[in-house]
1. Of all residues in the stretch B:28-64, how many are of a type outside the set (Lys, Arg), touching a residue at least 40 places away in the same chain (Cβ under 8 Å) and more than 9 Å from every other protein chain (Cβ to nearest Cβ)?
2. Tally time: how many residues in the stretch A:17-27 are farther than 23 Å from A:Gly57 by Cβ and either facing chain B (nearest Cβ under 7 Å) or surrounded by 24 or more Cβ atoms within 10 Å (Cβ to Cβ) (or both)?
3. Which is crowded, with 16+ Cβ neighbours inside 10 Å, over 26 Å from A:Lys29 (Cα atoms) and of a type outside the set (S, T, N, Q), of A:Leu92, A:Leu103, A:Leu125?
4. Considering A:Arg58, A:Arg83, which residue is over 21 Å from B:Val147 (Cβ atoms), charged (D, E, K, R) and modelled with pLDDT under 95?
5. Tell me which residues, restricted to the stretch B:144-161, are under 26 Å from B:Ser44 (Cβ atoms) and at pLDDT 75 or above.
6. Can you name every residue in the stretch A:126-163 that is in contact with a Phe, Trp or Tyr (Cβ under 7 Å, 6 or more places away or on another chain) and either more than 7 Å from every other protein chain (Cβ to nearest Cβ) or free of Cβ contacts under 8 Å to residues at least 60 places away in the same chain (or both)?
7. If you scan the stretch B:50-59, which residues turn out to be surrounded by 13 or more Cβ atoms within 10 Å (Cβ to Cβ) and part of a loop (DSSP other than H, G, I, E, B)?
8. Go through the stretch B:143-163 and give me each residue that's part of a loop (DSSP other than H, G, I, E, B) and among the β-branched types (Val, Ile, Thr).
Protein chains: 2
Amino acid sequence: MIILYTGNGKGKTTAALGLALRNVGHGRKVAFIQFMKQSKSGESKVSLTGFELKQFGRDKLLTRDTVEQVDKELANEALDYARSVKCDLLVLDEVNVALYFGLITLEDVLKLIDEKEREGVLVVLTGRYAPDELVERADIVTEMKEVKHAFNEGVPAQEGVEW
Amino acid sequence: MIILYTGNGKGKTTAALGLALRNVGHGRKVAFIQFMKQSKSGESKVSLTGFELKQFGRDKLLTRDTVEQVDKELANEALDYARSVKCDLLVLDEVNVALYFGLITLEDVLKLIDEKEREGVLVVLTGRYAPDELVERADIVTEMKEVKHAFNEGVPAQEGVEW
């Protein structure tokens, strides 16, 4: 089964983290792979048996125009790792944005998803800008739609909320 | 700060669980209160220092028409517990539905939120049917919008996804 969280609202990565917690509770093994991230987020500091998180990115906010070769290499390393890791739940966090930025190819992602699904792995994809092909491919798709956000009113990002 | 997850899509409770995991990673104490739930969900079975989950409900799917006095009592017990618990992140899971079903009063929920915010607690509210007053009151509001759901196509609910 493939689950996709997209849209411009808060809650995509956190929903994937919640599924991770839920699956760990059921005794399953979770591999949580973060594209384009390298941060001291709460999820990267948590110690929980069965939950393994790996970040593949630089400590730098990317835009579509500032992508470098190293970013492509890191994103493809993430895919390589995803292919090899044994788990029951595989999260590809921000994979949609990695695709949007052209760091990885849709073909590689679809191939990975196919392989994992055949092995019975639950796959979760997150990030804005989900391509139509992934929306089509997924079994459950939720759009996280921003209704209201205090940051728009000048409130700074907050530990435990944003990271 | 008050965060509200509503809408008909998947990911509301799981996004709250993800914030819980994130905050535990930062060394904070989380109280996760589930209204109208009594189940062997993954989140209820997980053992994680700093994460305390309590369920206040019967093992029975409620509708607006099948509410009994005991459901009101349990939901108000949940509010009492929420008032007294010491934590950094307080999740009121499905509180919107408890309001919609008339199990608790909006006045009581607003009062609780005010108190907790004054104490510096991060409060997360989840559930469909969020009343306008809570949308107004919250700092961050995300609508989880169902784009696609395999269950609509006859796929049964699955452990680790739905619970």
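The values are calculated or read from the model by the stated rules, or taken from the named source; none is laboratory data. On a predicted model such as this, the values are computed, not experimentally measured, just so you know. Positions of Cβ are generated from backbone atoms using ideal geometry, with glycine treated the same way; all protein chains shown enter the neighbour counts.
1. Selection size over the stretch B:28-64: 8.
2. Residues meeting the conditions: 5.
3. Going through A:Leu92, A:Leu103, A:Leu125 in turn, just one is crowded, with 16+ Cβ neighbours inside 10 Å, over 26 Å from A:Lys29 (Cα atoms) and of a type outside the set (S, T, N, Q): A:Leu103.
4. Of A:Arg58, A:Arg83, the one residue that is over 21 Å from B:Val147 (Cβ atoms), charged (D, E, K, R) and modelled with pLDDT under 95 is A:Arg58.
5. Of everything in the stretch B:144-161, those that are under 26 Å from B:Ser44 (Cβ atoms) and at pLDDT 75 or above turn out to be B:Met144, B:Glu146, B:His149, B:Ala150, B:Pro156, B:Ala157, B:Gln158, B:Glu159, B:Gly160, B:Val161.
6. A:Thr126, A:Tyr129, A:Ala157
7. Those that are surrounded by 13 or more Cβ atoms within 10 Å (Cβ to Cβ) and part of a loop (DSSP other than H, G, I, E, B): B:Gly50, B:Gly57, B:Arg58.
8. B:Val155, B:Val161
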